[in-house]
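S.K.: One structure is given below, represented as structure tokens, and several questions about it will come after.
The values are calculated or read from the model by the stated rules, or taken from the named source; none is laboratory data. Model, not experiment: these values are computed from the prediction. Methodologically, a virtual Cβ is constructed for each residue, glycine included, from the backbone with ideal geometry; neighbour enumeration extends over all protein chains shown. These area figures cover heavy atoms from the full protein model, side chains too; ligands, DNA and RNA do not enter into them. Shrake-Rupley method; radii C 1.70, N 1.55, O 1.52, S 1.80 Å.
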Amino acid sequence: MTLPLPTERAGTLAHRTHHLADGREAVFFSDRGTPPVEHIVDQRPLDARSGGGEVRFDRLTGEWVAVAAHRQTRTHLPPADQCPLCPTTGGRESEIPAEDFDVVVLENRFPSLGPGLDELPDPGQVGERSLWGAPSPAYGRCEVVVFTPEHQGSFASLPPERARTVVEAWARRTEALSAMNGIRHVFPFENRGEQIGVTLHHPHGQIYAYPYPAPHAARLAARSRAHLAGTGRALMGEVLADETAAGDRMVLAGEHFSAFVPYAARWPLEVHLLPHRQVPDLAALTGAERDELAVLYQDLVRRVDRLYATPTPYIAAWHQSPVSTADREAGWLHLQLTSPRRAEDKLKFLAGSEAAMGAFINDVTAEQTAARLREAAR
Ligand SMILES: [Zn+2]
């Protein structure tokens with residue numbers, strides 16, 4: 001009998017899809033070697049799901065805008081004993097009808113996109129004026145990724161095997177969502193800290209599956225496609241090679257991934273973590289790459305937590321290629337972690353130049369930030 005290779009160990013991570021009382025999907029992922037939750041019964045008398053919001057096409061910018069006026073009643077910073085992401089225990093029913101679990105991904109009860117799935121009308125073919133009278137339903141899917149049954153903590157404080165399960169959940173949901181009708185772009189992310197709008201303390205992230213490439217992703221994808229067509233090389237691969245050679249903005253390097261502060265960082269704290277190999281999204285990573293990603297991503301967020309006496313708010317954004325073939329050939333998965341914190345008690349707010357013009361002014365150099373993150377290694 002031959003032992004499995006390390007890269008095949010991902011196959012032992014299992015998941016099961018269940019349904020909540022209102023029909024939403026809840027996908028239970030289990031740590032390596034542990035069986036997933038086999039059976040759930042959601043006894044809550046939930047109302048039927050609402051029809052969701054709409055999207056409107058902005059003909060001045062060529063971008064879609066989602067309008068989610070139905071979300072105003074969503075849960076906002078509940079006390080710990082009413083947390084919707086804790087397990088269901090005793091008489092208290094939460095969003096997760098199980099007494100224990102490892103990682104759960106569930107459809108958001110108050111989604112900005114969805115629950116319908118379909119193709120958006122093409123603004124160029126329908127005629128932009130007619131879209132003013134008839135906004136499209138906000139097709140798509142919004143999911144919540146619950147990192148742990150524990151109410152306290154953060155991604156940084158998860159046991160290593162749990163962090164690995166979260167990476168697996170991101171990868172498998174990316175694959176499943178990318179295959180859904182009308183989905184054009186899948187975006188896993190984590191907001192950490194009330195200062196940047198977190199409405200639930202329980203350690204969790206989110207995944208948005210858009211019916212269009214998000215504007216920032218579309219700009220990046222267009223430059224990546226043009227660079228590949230013009231040079232035959234991947235744009236992000238050149239950036240990674242140049243940053244590795246320069247060295248002064250590097251933060252950490254492993255066998256499969258490296259992290260650096262980008263040369264033209266926009267935020268007082270900004271780091272990119274990316275694979276050494278061109279892959280379009282998390283679903284395309286091998287088991288060995290997912291193993292190392294879990295370790296290095298935890299290393300990175302722990303360094304961020306060591307920069308100040310209190311936890312630093314951050315947005316951890318997984319930039320994945322839009323699902324089109326041309327974008328997948330040119331794109332390169334990367335994590336962009338940013339924070340508006342510029343000192344112990346100071347946050348950078350997006351003021352006129354940034355918010356209105358998209359023209360960023362950073363008070364800190366990328367080289368200074370990289371040096372601080374290298375020193376925060378242990
Ligand atoms: Zn909780």
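S.K.: Tell me the residue from L77, L60 that is within 16 Å of the ligand (Cβ to nearest atom), of a type in the set (A, V, I, L, M, F, W, C) and within 30 Å of A214 (Cβ to Cβ), please.
M.R.: Of L77, L60, the one residue that is within 16 Å of the ligand (Cβ to nearest atom), of a type in the set (A, V, I, L, M, F, W, C) and within 30 Å of A214 (Cβ to Cβ) is L77.
S.K.: Just give me the residues in region 189-222 being among the hydrophobic types (A, V, I, L, M, F, W, C) and away from the ligand (no atom under 16 Å from the Cβ), in sequence order.
M.R.: Kept after step one, since they are among the hydrophobic types (A, V, I, L, M, F, W, C), are these residues of region 189-222: 189, 196, 198, 200, 207, 209, 214, 217-218, 220-222.
Once the filter is applied, which keeps residues that are among the hydrophobic types (A, V, I, L, M, F, W, C) and away from the ligand (no atom under 16 Å from the Cβ), region 189-222 yields F189, I196, I207, A209, A214, A217, A218, L220, A221, A222.
S.K.: Moving to a separate point now. Determine which single condition G140 fails, assuming it passes every other condition in (1) open to solvent by less than 40 Å² (accessible area, probe 1.4 Å); (2) more than 24 Å from G51 (Cα to Cα); (3) of a type in the set (G, A, S).
M.R.: Status for G140: all satisfied but (2).
S.K.: Has region 84-96 got at least one residue that is modelled with pLDDT of 95 or more, crowded, with 18+ Cβ neighbours inside 10 Å, outside any helix (DSSP H, G or I) and away from the ligand (no atom under 16 Å from the Cβ)?
M.R.: no
Here is a yes/no grid of residues against (1) at pLDDT below 95; (2) outside any helix (DSSP H, G or I); (3) under 22 Å from S30 (Cα atoms):
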position: A169; (1), (2), (3): no, no, yes
position: R172; (1), (2), (3): no, no, yes
position: T199; (1), (2), (3): yes, yes, no
position: Q206; (1), (2), (3): no, yes, yes
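S.K.: Answer yes or no as to whether S50 is away from the ligand (no atom under 16 Å from the Cβ), modelled with pLDDT of 90 or more and of a type in the set (S, T, Y).
M.R.: no
S.K.: Could I ask something else about it? Out of all the residues in region 86-100, is one or more under 29 Å from A218 (Cβ atoms) and in contact with a strand residue (DSSP E or B) (Cβ under 7 Å, 6 or more places away or on another chain)?
M.R.: Among the residues of region 86-100, not one is under 29 Å from A218 (Cβ atoms) and in contact with a strand residue (DSSP E or B) (Cβ under 7 Å, 6 or more places away or on another chain), which makes the answer no.
S.K.: For region 25-63, name all the residues that are over 23 Å from L85 (Cβ atoms) and more than 27 Å from the chain's Cα centre (by Cα).
M.R.: Residues of region 25-63 over 23 Å from L85 (Cβ atoms): 33, 51, 54-63.
Hits for region 25-63 are R59, L60.
So that you can scan it fast, the table gives a plain yes or no per residue for (1) β-branched (V, I, T); (2) farther than 30 Å from P135 by Cα; (3) touching a residue at least 24 places away in the same chain (Cβ under 8 Å); (4) assigned to a loop (DSSP other than H, G, I, E, B):
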| position | (1), (2), (3), (4) |
| --- | --- |
| V27 | yes, yes, yes, no |
| P35 | no, yes, no, yes |
| V41 | yes, yes, yes, yes |
| R44 | no, yes, yes, yes |
| A48 | no, no, yes, yes |
| F57 | no, no, yes, no |
| V65 | yes, no, no, no |
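S.K.: To continue, here is another question. Output the residues belonging to region 8-24 that are within 22 Å of the chain's Cα centre (by Cα) and aliphatic (A, V, I, L, M).
M.R.: A10, L13, A14
S.K.: Which of the residues that make up region 343-361 are closer than 16 Å to V304 by Cα, outside any loop (DSSP other than H, G, I, E, B) and open to solvent by 80 Å² or more (accessible area, probe 1.4 Å)?
M.R.: Within region 343-361, just K346 meets the criteria.
S.K.: Hey, can you tell me all the residues within region 256-280 that are touching a strand residue (DSSP E or B) at 6+ places or on another chain (Cβ under 7 Å) and assigned to a loop (DSSP other than H, G, I, E, B)?
M.R.: Answer for region 256-280, where residues must be touching a strand residue (DSSP E or B) at 6+ places or on another chain (Cβ under 7 Å) and assigned to a loop (DSSP other than H, G, I, E, B): H256, V261, P262, W267, P268, H276.
S.K.: Of the residues in region 226-255, how many are hydrophobic (A, V, I, L, M, F, W, C) and either open to solvent by less than 20 Å² (accessible area, probe 1.4 Å) or not in a helix (DSSP H, G or I) (or both)? Before you say what the answer is, go through the steps one by one.
M.R.: At the first step, the residues of region 226-255 found to be hydrophobic (A, V, I, L, M, F, W, C) are 226, 228-229, 234-236, 239-241, 245-246, 250-253.
This time we only want the ones that are either open to solvent by less than 20 Å² (accessible area, probe 1.4 Å) or not in a helix (DSSP H, G or I) (or both), so: 234, 240, 250-253.
Going through region 226-255 one residue at a time, the tally reaches 6.
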